[in-house]
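The values are calculated or read from the model by the stated rules, or taken from the named source; none is laboratory data. Fair warning: this is a prediction, and the values are worked out from it, not measured in the lab. Glycine gets a Cβ as well: all are built from the backbone with ideal geometry, and neighbour counts include every protein chain shown.
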Amino acid sequence: MSFKSYKEIFLEIEKQYFNGVNKNSKRRRSRNNISDNNSDNRTNKVYFDKILNQNEYPTLESLKSALYS
């Protein structure tokens, strides 16, 4: 079993997000679209920035700290 650091997890989430489609308009998401970038920032980067050490493996305590701070 291989463990992933926070950085690896968030890179996967970002990749999946930009490979997906907008749920309302059904258009493919793009890194060049301001709306798509703003949405990604609101949902992912806010939490990623709260994690103190992005290279560590997730623990329950660090997840609680990031989610509830």
Qualifying positions in region 41-57 - closer than 14 Å to Leu11 by Cβ and modelled with pLDDT of 90 or more | Asn55
Quick check: anything in region 10-22 of a type in the set (Val, Ile, Thr) and in contact with a strand residue (DSSP E or B) (Cβ under 7 Å, 6 or more places away or on another chain)?
-> yes
Scan region 30-69 for residues that are more than 15 Å from Ser5 (Cα to Cα), in a loop (DSSP other than H, G, I, E, B) and under 15 Å from the mean Cα position of the chain (by Cα) and jot them down.
-> Arg31
Would it be correct to say that Ser2 is among the small types (Gly, Ala, Ser) and either farther than 30 Å from Lys64 by Cβ or in contact with a strand residue (DSSP E or B) (Cβ under 6 Å, 6 or more places away or on another chain) (or both)?
-> no
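Residue-wise test of (1) free of Cβ contacts under 8 Å to residues at least 40 places away in the same chain; (2) on the phi > 0 side of the Ramachandran plot; (3) surrounded by fewer than 13 Cβ atoms within 10 Å (Cβ to Cβ).
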residue	(1), (2), (3)
Lys4	no, no, yes
Ile9	no, no, no
Gln16	yes, no, yes
Val21	yes, no, yes
Arg28	yes, no, yes
Asp36	yes, no, no
Val46	yes, no, yes
Pro58	no, no, no
With respect to Tyr6, determine if the residue is within 9 Å of the chain's Cα centre (by Cα) and at pLDDT below 95.
-> no
